[in-house]
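Undergrad: Just dropping this structure here.
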Amino acid sequence: MPESDAAFDYVTGGDDDVSLRRIHTGGPQSGTIGPRPDHVVFVLANGHATLTADDGSTWEVGPGRPMMLSAPVAYAFDTDATAMTLLHLAPSVLGDDEGLAEFVQPEPSDPGVQPLLTLLREVADRILDPTLGPEERAGLNRRVATVVRSTFTRSRSDVEHRLRRAIHYVHEHAADELEVADIAAGADLSERGLQDLFRRRLAVTPMQYLREVRLDRVHLELTARRTGIVTVGDVARRWRFAHLGRFAAAYRRRFGETPSESLRRSGRAAG
């Protein structure tokens, strides 16, 4: 919240998906913002600001440089600007069905920010217009969201964090009956987001990855040199392989031998 008694007023308009605020102050402001339920793009009209994220990252911001305040991140700010524009966007508008994203700030000289600045000058008054019809506003929101997504990329750490959560869930629940929806829910992702993430990062689907994890677990059990007699069928069924013929073929492709051969090497095969 601002820590100044200087005059403060703003004009606001829009809807739950995209809204805009034009803020005017009478003097320097400092305080904190976030985490919050929406992403905020802000652009100073004058002056300068120092912005510090909760991980210690700091930016010196001048007029006309758009910055993204990612919803899950807390920021401290200190500014002498007296006029600024804040564009609020619901996470779902930016494709955050899988959870709240963190975005990378463009470099100060990045020409890729110009389309966003041009768009804001063009459509700000329409966003603020309370008489704008629902269909026209929905189209305007889509246009704004498209340009914002092209301006700010998701952070590498954000993507890697989501993937790690999904992988951890698969390994933790590999013996359970799982569907894509279960893995997505366990990792706080949408099903589509989960599928896209596995394909982009690991070149497999989530269910293919789950099958490989289960094959590894079976292999570990069959080759473990422990006491006790086991059967291939018992181990395979314990790791959710219902069709033993398809299981045996997949096992041989992965490990270069049949499950029975692995079991015989361990000396634990049933007589």
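Undergrad: Starting at the first residue of the range 198-206, write each ³J(HN,Hα) from the Karplus equation 6.51 cos²θ - 1.76 cosθ + 1.60 with θ = phi - 60°, in whole Hz, x for Gly and Pro.
TA: Residue by residue, the range 198-206 yields 5, 5, 5, 8, 10, 6, 9, 7, x Hz.
Undergrad: Probe radius 1.4 Å, ligands and nucleic acids left out: which of W239, W59 has the largest accessible area, and how do the rest follow?
TA: So, going from the largest accessible area down, we get W59, W239.
Undergrad: Give, as a single signed number, the net charge of other residues whose beta carbon lies under 13 Å from the beta carbon of P130, with Lys and Arg counted +1 and Asp and Glu -1.
TA: Every neighbour counted, the sum reads -2.
Undergrad: Using amide H atoms built 1.01 Å from N in the peptide plane, name the residues 5+ places from T82, or on other chains, whose amide H lies under 5 Å from its own.
TA: Excluding prolines and chain starts, which carry no amide H, the hits are N46.
Undergrad: Same structure again: State the answer as a single residue: which of A236, G112, H48 lies farthest towards the positive end of the charge dipole of the chain, with beta carbon charges of +1 for Lys and Arg and -1 for Asp and Glu, about the Cα centre.
TA: Projecting each Cα onto the dipole axis, the largest value belongs to A236.
Undergrad: What do you get for the angle between helix 244-255 and the principal long axis of the chain? Use alpha-carbon atoms, 0 to 90 degrees, nearest ten.
TA: Orientation of helix 244-255: about 70 degrees from the principal axis.
Undergrad: How far is the Cα center of the range 133-157 from the Cα center of the range 23-48, in Å?
TA: 20 Å
Undergrad: Percentage of Cα-Cα pair distances in the chain greater than 23 Å, rounded to whole percent?
TA: For the chain, the share of Cα pairs beyond 23 Å comes to 64 percent.
Undergrad: Right, next: I want to make sure I understand the PRE zone here: with the label point 7 angstrom from the Cα of S155 toward its beta carbon, which residues in the range 54-82 have backbone N atoms less than 16 Å away?
TA: 54-60, 67-77
Undergrad: If you roll a 1.4 Å probe over the heavy atoms of the protein chains, what accessible area per residue do you get for the range 34-157, in Å²?
TA: 46 Å²
Undergrad: On to the next question. Tell me the carbon and sulfur percent of the accessible area for the chain, rounded to whole percent, probe radius 1.4 Å.
TA: The C+S portion of the solvent-accessible surface of the chain is 50 percent.
Undergrad: Related question: With θ set to phi - 60° and the Karplus curve 6.51 cos²θ - 1.76 cosθ + 1.60, what are the ³J(HN,Hα) couplings of the range 234-240 in order, to the nearest whole Hz, using x for Gly and Pro?
TA: Values per residue, Gly and Pro as x: 4, 5, 4, 5, 5, 9, 6 Hz.
Undergrad: From the square roots a ≥ b ≥ c of the eigenvalues of the alpha-carbon gyration tensor of the range 181-255, which class results: rounded (a/c under 1.5), prolate (a/b over b/c), or oblate?
TA: Taking the square roots of the gyration eigenvalues as a ≥ b ≥ c, the range 181-255 is prolate.
Undergrad: Looking at the square roots a ≥ b ≥ c of the eigenvalues of the Cα gyration tensor of the range 1-123, which shape do they give, rounded for a/c under 1.5, prolate if a/b is larger than b/c, or oblate?
TA: Here the range 1-123 falls in the rounded category.
Undergrad: List the equivalent ellipsoid semi-axes of the range 84-196 in whole Å, largest first, each obtained as the square root of 5λ for an eigenvalue λ of the Cα gyration tensor.
TA: So the three semi-axes of the range 84-196 are 35, 18, 9 Å.
Undergrad: Could you work out the Kirkwood radius for the range 33-78, taking every pair of different alpha carbons, averaging 1/r and inverting it, reported in Å?
TA: 10.8 Å
Undergrad: Further, regarding this structure: Which value in nm describes the separation of the simple spin-label points at D54 and R36, placed 7 Å from the Cα toward the beta carbon?
TA: Distance between the two pseudo-spin positions: 1.4 nm.
Undergrad: A follow-up question, please. Sort Y10, Y209 by heavy-atom solvent-accessible area, probe 1.4 angstrom, most to least.
TA: Ranking Y10, Y209 by accessible area, largest first, yields Y10, Y209.
Undergrad: Let me ask something else. Projected onto the charge dipole of the chain (+1 at Lys/Arg Cβ, -1 at Asp/Glu Cβ, origin at the Cα centre), which of A181, A83, V144 gives the Cα projection farthest towards the positive end?
TA: Value: A181.
Undergrad: List the residues, sorted by chain then number, that are 5 or more residues from A74 or on another chain and whose placed amide H is less than 5 Å from its amide H.
TA: Distant-sequence amide H within range of A74: D54.
Undergrad: Another question, then. Quickly estimate the mean residue ellipticity at 222 nm for the chain, helices only: each DSSP H run with n ≥ 4 gives -39500 (n - 2.57), and the total goes over all residues, rounded to 500.
TA: -13000 deg cm²/dmol
Undergrad: Also: How far is helix 156-172 tilted, in degrees, relative to the longest principal axis of the Cα atoms in the chain, given as a value from 0 to 90 rounded to the nearest 10?
TA: 30 degrees
Undergrad: Taking every pair of alpha-carbon atoms in the range 117-168, what share in percent sits in each 10 Å bin, from 0 to the bin with the longest distance?
TA: 20, 35, 21, 19, 6
The values are calculated or read from the model by the stated rules, or taken from the named source; none is laboratory data. Note that this is a predicted model, so its numbers are computed, not measured. Glycine gets a Cβ as well: all are built from the backbone with ideal geometry, and neighbour counts include every protein chain shown. To get the accessible areas, we keep the full protein, side chains included, count just its heavy atoms, and leave off ligands, DNA and RNA. Shrake-Rupley method; radii C 1.70, N 1.55, O 1.52, S 1.80 Å.
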